[in-house]
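Asks: A single structure is presented below for examination.
The values are calculated or read from the model by the stated rules, or taken from the named source; none is laboratory data. In this text, all values refer to a predicted model and were calculated from it rather than measured experimentally. Don't worry about glycine lacking a Cβ; one is built from the backbone with ideal geometry, like all the others, and counts go over all protein chains shown.
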Amino acid sequence: MPSIRTPFKSLVLAGLLATLGATAFAADAPPPPPPAAGMAPHDPAKMQEHMLKRQAALKAQLKITAAQEGAWTTFTSSMQPPAKGPRPDKADFQKLTTPERIDKMRAMRTERDAEMDKRADATKAFYAVLSPEQQKTFDTHAMPHMRGGPGEHGGPDGHPPRKG
């Protein structure tokens with residue numbers, strides 16, 4: 001009689017496992033994390049205000065001299081987000097063929113890369129006019145999310161890394 005019970009146990013066990021698996025898939029996903037304190041998602045005015053506060057704090061930490069003021073202004077101007085045109089229309093994008101979509105995405109990536117290169121060049125030019133002490137301060141406070149290894153979030157000022 002043991003041979004009759006073994007297949008029955010296997011079927012019961014398989015049924016239990018299937019039920020548990022289905023339950024796991026049916027569970028609701030956790031809610032998304034709340035936006036950063038004081039910032040509504042994609043609120044340009046709040047984002048601009050946050051950026052200006054960070055720039056003012058960095059300028060104070062760097063102790064920018066009168067001789068460096070022009071370089072500071074050039075640097076902060078280059079950090080302004082580019083004027084965004086309208087987003088590509090989803091319906092128009094779906095009408096494109098796959099090769100056309102690829103070309104469109106490449107063009108958008110090229111534009112983003114050009115903006116990033118412009119900002120990188122402006123940062124390097126500004127960094128070059130800083131004293132060694134100011135450079136250390138800049139390394140510590142200007143881009144805290146760029147320091148450290150995997151798993152390190154933000155810097156001593158508590159700012160999380162930017163996405164995107």
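Asks: Return the total of residues in the range 47-84 being farther than 12 Å from Ala142 by Cα, surrounded by 15 or more Cβ atoms within 10 Å (Cβ to Cβ) and of a type in the set (Val, Ile, Thr).
Replies: 1
Each row is one residue, and each column tells you yes or no for (1) touching a Phe, Trp or Tyr at 6+ places or on another chain (Cβ under 8 Å); (2) surrounded by 13 or more Cβ atoms within 10 Å (Cβ to Cβ); (3) at pLDDT 50 or above.
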position: Ala122; (1), (2), (3): yes, yes, yes
position: Tyr127; (1), (2), (3): yes, yes, yes
position: His141; (1), (2), (3): no, yes, yes
position: His145; (1), (2), (3): no, yes, yes
position: Pro150; (1), (2), (3): no, no, no
position: Pro160; (1), (2), (3): no, no, yes
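Asks: Quick one: would you say Met105 is at pLDDT 85 or above and either among the β-branched types (Val, Ile, Thr) or surrounded by 11 or more Cβ atoms within 10 Å (Cβ to Cβ) (or both)?
Replies: It is true that Met105 is at pLDDT 85 or above and either among the β-branched types (Val, Ile, Thr) or surrounded by 11 or more Cβ atoms within 10 Å (Cβ to Cβ) (or both).
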